[in-house]
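The values are calculated or read from the model by the stated rules, or taken from the named source; none is laboratory data. As the structure is a computational prediction, the values presented were derived from the model and not from experiment. Quick reminder, even Gly has a Cβ in these numbers, built from the backbone with ideal geometry, and neighbours come from all protein chains shown. Only protein heavy atoms, including side chains, enter the accessible area calculation; ligands, DNA and RNA are left aside. Shrake-Rupley method; radii C 1.70, N 1.55, O 1.52, S 1.80 Å.
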Amino acid sequence: MNSVEIKKIWDEVKKELKSIVPASTYDPWIEPLKAISFEGNQFTLISGESFGVQYIKQTQYKNILEAFKKCLNQEIIVNIEFSQEYAEKRKEELKKIKQKEQKIQQKEESEKKAIENNSYLCGANINLRYRFDNFVEDDNNKMAKRTAMKVAENPSVLYNPLYIQGGSGLGKTHLMQAIGHYVIPKKKYKVLCVKTEDFINDYINSTAFVPNKNTNSAMNKFRNKYRNVDILLIDDIQFIENKKKCIDELFNTLDTLYNANKQIVLTSDKLPKDLPEIPKRLRTRFEQGLVVEILPPEFDTRVQILKNLAVEKNVNEVPDEVFEYIATHYKDNVRELEGAFTKLSAYAEIEETSITLEFAKHVLKCEENTNKPSIDKVINTVANYFNITADNIKSTSRVQNISKARAITCYIIRNYLQKSFQQIGEALNKKHQTVMFAEDKIRNSIKKDKSLKEEINKILDILNL
Ligand code: ADP
Ligand code: MG
């Protein structure tokens, strides 16, 4: 039998195995096996890893025999052997794949950064990319967009505070910063835009004991920064939960601003009533103005967002069916929708090819990915496994099991969902270097730490990965 026919049989058998063997075993150990001969009733496979040969023989031999029987309608003997020559070839191949992947990832990340860093509005932490005119409106976000525009046109008059709620990646930060972007050039108002995490860190730094430090003056500086503004924009306010002292300070900050008729805008992935750890007096403050919700965008909106992104990135001649293909498969998170297009355009550039539907399917593999869990599902599953909350994972806590859960989350999302460090960082509210470091640490630790590997395998099983 010639090598093409042998490969064809093995591809068929692999397909069968892929449907029954967990991905955590299939991907590293079965996929790289190479079929080299089929003589008499003996089929021979080679592996580039001696440990892999033993492991497969011990744990998957029965499955392999059955898969062959199913595909060939006959019982055969399967030899699995280690090959030094193949090991070296694989090493070379893997090195090349890794280099290419790294190149693509760097490109993907630098492109995204280039767009985002499109220079920040000086001093106010406002990303120039986030404007009202490029926020595509539909029935699911209309109310949020219109009220944000009203606030920008007439601060402190209508809705105070404006509380924008919506799931991850639905445009909360975009709308909030669009207010700042609209207002700042008019130079009429002093605007401060911060992440809740920055507010917390600023507060901790100003109260921390340092010998010879004048705590009063540090506190005054803090209060001056947050209270001496006309418009305060605070992003992801849900992270204030459980930060008792900061909660008091936030309450007093909002109270002072509100009483001085200053505009407050807050965003959160939860409604105020779904933040049980926040005291009622603060929750009432959140609800005092207007709470608006953003829901996932409709199909046409998703297509339009992609088309705008292509123009922004100067990627031309993308057929409509490609936009529609991506929009069909990325429904719940605009960040991931945009991430898919960024990845596709980076691949097209590196491989010097035009973007067709076939190429998009090859790169994004959406059909395969539909069965994969979402980033949020991974975060929630890891949190459940460690008996902590998803917000703990997204927090800055260094408590040992929280840090460990966070690092495992990074590792799983990167290696099993194939998301970029940038995307993981955005989902976890972390810098992309932090994610890289955490992922790297776990990847290296599991080589030595058997119990860690077992823990991760248990989580992967729960996630069906
Ligand atoms: P959130 O803060 O809700 O997690 P972001 O505001 O960071 O989400 O939005 C994620 C990405 O999606 C940003 O690049 C943003 O510009 C884009 N985006 C979200 N909704 C829209 C929309 N309706 N129109 C255009 N871009 C959008
Ligand atoms: Mg945000």
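Residue-level analysis places residue 355 outside the set of residues that are within 27 Å of residue 429 (Cβ to Cβ), open to solvent by less than 50 Å² (accessible area, probe 1.4 Å), without any contact (Cβ under 8 Å) to a residue 60 or more places away in the chain and not in a helix (DSSP H, G or I). If the condition is being among the hydroxyl-bearing types (Ser, Thr, Tyr) and open to solvent by 40 Å² or more (accessible area, probe 1.4 Å), then the stretch 181-219 contributes 182, 189, 207, 215, 217.
Identify, please: which residue in the stretch 190-199 is more than 16 Å from ligand 2 (Cβ to nearest atom) and in contact (Cβ under 8 Å) with a residue 60 or more places away in the chain and is, among those, farthest from residue 333 (Cα to Cα)? Checked the stretch 190-199; the qualifying residue farthest from residue 333 (Cα to Cα) is 191. Among the residues making up the stretch 382-430, those that are small (Gly, Ala, Ser), within 16 Å of ligand 1 (Cβ to nearest atom), in contact (Cβ under 8 Å) with a residue 12 or more places away in the chain and outside any loop (DSSP other than H, G, I, E, B) are 390, 427. Among the conditions (1) outside any helix (DSSP H, G or I); (2) within 12 Å of ligand 1 (Cβ to nearest atom); (3) farther than 21 Å from residue 166 by Cβ, the only one that residue 318 does not satisfy is (2). Only residues that are outside any loop (DSSP other than H, G, I, E, B), more than 11 Å from ligand 1 (Cβ to nearest atom), crowded, with 20+ Cβ neighbours inside 10 Å and not aliphatic (A, V, I, L, M) were counted in the stretch 148-180, giving 2. Number of residues in the stretch 252-294 that are surrounded by fewer than 20 Cβ atoms within 10 Å (Cβ to Cβ), over 31 Å from the mean Cα position of the chain (by Cα) and either part of a loop (DSSP other than H, G, I, E, B) or not assigned by TED's automatic domain parsing to the domain that holds residue 176 (or both) equals 3.
Do we find that residue 177 is in contact with a Ser or Thr (Cβ under 7 Å, 6 or more places away or on another chain) and either within 30 Å of residue 299 (Cα to Cα) or not assigned by TED's automatic domain parsing to the domain that holds residue 254 (or both) in this structure? The answer is no for residue 177. Could you please let me know if residue 222 is crowded, with 18+ Cβ neighbours inside 10 Å, away from ligand 1 (no atom under 16 Å from the Cβ) and either outside any strand (DSSP E or B) or not assigned by TED's automatic domain parsing to the domain that holds residue 266 (or both)? Criteria met by residue 222. Residue pairs whose Cβ atoms lie under 6 Å apart, separated by 6 or more positions or on different chains, with the first residue in the stretch 161-181 and at pLDDT below 95 and the second within 12 Å of ligand 2 (Cβ to nearest atom) and hydrophobic (A, V, I, L, M, F, W, C), are 169/334; 180/193; 180/233. Taking the stretch 431-454 as the range and being assigned to a helix (DSSP H, G or I) and either closer than 24 Å to residue 198 by Cβ or under 10 Å from the mean Cα position of the chain (by Cα) (or both) as the test, the residues that pass are 432, 433, 434, 435, 436, 437, 438. In the set (1) surrounded by fewer than 16 Cβ atoms within 10 Å (Cβ to Cβ); (2) of a type outside the set (Phe, Trp, Tyr); (3) within 16 Å of ligand 2 (Cβ to nearest atom), the condition left unmet by residue 297 is number (1). Tell me, please, whether a residue that is under 25 Å from residue 376 (Cα atoms), surrounded by 12 or more Cβ atoms within 10 Å (Cβ to Cβ), at pLDDT below 95 and among the hydrophobic types (A, V, I, L, M, F, W, C) can be found in the stretch 95-106. Yes; the residues of the stretch 95-106 include at least one that is under 25 Å from residue 376 (Cα atoms), surrounded by 12 or more Cβ atoms within 10 Å (Cβ to Cβ), at pLDDT below 95 and among the hydrophobic types (A, V, I, L, M, F, W, C).
Of all the listed residues (396, 389), the sole one being hydroxyl-bearing (Ser, Thr, Tyr), at pLDDT below 90 and open to solvent by 30 Å² or more (accessible area, probe 1.4 Å) is 396. Inside the stretch 231-244, residues that are more than 16 Å from ligand 1 (Cβ to nearest atom), open to solvent by 30 Å² or more (accessible area, probe 1.4 Å) and over 15 Å from residue 280 (Cα atoms) make up a count of 0. Among residues that are more than 24 Å from the chain's Cα centre (by Cα), closer than 15 Å to residue 159 by Cα and not hydrophobic (A, V, I, L, M, F, W, C), residue 227 is not included. Taking residue 214 as the residue in question, decide whether it is outside the structural domain of residue 426 (by TED's automatic domain parsing) and at positive phi. Spelling it out, it is not the case that residue 214 is outside the structural domain of residue 426 (by TED's automatic domain parsing) and at positive phi. Away from ligand 1 (no atom under 15 Å from the Cβ), touching a Lys or Arg at 6+ places or on another chain (Cβ under 9 Å) and either polar (S, T, N, Q) or not in a helix (DSSP H, G or I) (or both): does that describe residue 206? Yes; evaluated as a whole, the condition is true for this residue. Screening residue 294 against (1) more than 16 Å from residue 175 (Cα to Cα); (2) in contact with a helix residue (DSSP H, G or I) (Cβ under 8 Å, 6 or more places away or on another chain) leaves a single unmet condition, (1). Residue 447 falls short on exactly one of the conditions (1) surrounded by fewer than 16 Cβ atoms within 10 Å (Cβ to Cβ); (2) closer than 29 Å to residue 166 by Cα, and that condition is (2).
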